[in-house]
Amino acid sequence: MMKKVSVVCAVVVVVALLLAEVSFFKAEAVNCSPVELSSCLGAITSNSPPSGACCQKLKEQKPCLCGYLKNPSLRPYVNSPGAKRVTASCGVPLPKC
């Protein structure tokens, strides 16, 4: 009985490590390019709601947002009221970096 429990625990640990590895590579595969967020420009500069394409791109670019916030050229745009409204509407809150 104890041997079965040990085997099950070992399998669980291996699966968890594999899932963590896949998540790591998936996050690294994101192409951090602010141009990818061009579909959000209209919603950021006006009061119109963000499109589905905008929200999808925001979700894809979520791992990049800290880098955008740290970039002095991009920070004013990312911190703008319009951008904050769009990220909130899309359910992608700006991270605390």
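The values are calculated or read from the model by the stated rules, or taken from the named source; none is laboratory data. Computed from a predicted model, the values in this text were never measured in an experiment. Cβ placement follows ideal geometry from the backbone for every residue including glycine, while neighbour counts extend to all protein chains displayed. SASA here: full protein model, heavy atoms, side chains in, ligands and nucleic acids out. Shrake-Rupley method; radii C 1.70, N 1.55, O 1.52, S 1.80 Å.
Of all the residues in segment 46-68, those that are more than 14 Å from C97 (Cβ to Cβ) and open to solvent by 80 Å² or more (accessible area, probe 1.4 Å) number 4. Which one is most open to solvent (accessible area, probe 1.4 Å), of the residues in segment 69-80 that are within 16 Å of S38 (Cβ to Cβ) and in a helix (DSSP H, G or I)? Taking the candidates together, the pick is Y77. In segment 62-76, the qualifying residues are those that are in contact (Cβ under 8 Å) with a residue 12 or more places away in the chain and touching a helix residue (DSSP H, G or I) at 6+ places or on another chain (Cβ under 6 Å), and the one that is nearest to N31 (Cα to Cα) is P63. Of all residues in segment 81-97, exactly one satisfies the criterion of being assigned to a loop (DSSP other than H, G, I, E, B) and either more than 16 Å from L69 (Cα to Cα) or small (G, A, S) (or both), namely G91.
Within segment 28-45, if we keep just the residues that are open to solvent by less than 80 Å² (accessible area, probe 1.4 Å) and among the β-branched types (V, I, T), the residue that is farthest from L74 (Cα to Cα) turns out to be V30.
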